[in-house]
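Engineer: Once you've had a glance at the structure underneath, I'll fire off some questions.
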């Protein structure tokens, strides 16, 4: 998946106008819906939480953590999941959330 730096993202005209903050991390998307949760560190046994957000089809994602700004060009209609353990933004092209009958469901 293309992961442009901030300068390249702006030069290419990528946009992510739908921004929100969750657990101290700013995430923005171009399209779609999102659902977030705090996940425990160390495989679920740790004492601290980090944000994980699932997107139905964001097109473009911008994530800002204490480590900096990261962009992901996911492509249109592709579900994506972003995690930020240790302040590093990571994105995989998959999500449990689907639209069924016009409603967002936890598939």
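Each value in this text was obtained by applying a stated rule to the coordinates, not by laboratory testing. Every value quoted in this text rests on a predicted model; they were computed, and no experiment measured them. Using ideal geometry, Cβ is built from the backbone for each residue, glycine included, and neighbour counts are taken over all protein chains shown.
Engineer: Given an 8 Å cut-off on Cα distances and at least 6 residues of separation, report the relative contact order of the chain as a percent.
Structural biologist: This gives 23 percent for the chain.
Engineer: Same structure again: For the ranges 53-66, 25-38, what's the packing order if you count other beta-carbon atoms within 10 Å of each residue, average per peptide, and put the highest first?
Structural biologist: Descending packing order for the listed peptides: 53-66, 25-38.
Engineer: When the Cα atoms of the chain are enclosed in a convex hull and the volume is divided per residue, what value in Å³ results?
Structural biologist: Considering the Cα atoms of the chain, their hull volume per residue is 97 Å³.
Engineer: Between rounded, prolate and oblate, where does segment 42-83 land on the alpha carbon gyration tensor, with a ≥ b ≥ c its root eigenvalues, rounded for a/c under 1.5, else prolate if a/b exceeds b/c?
Structural biologist: The shape class here is oblate.
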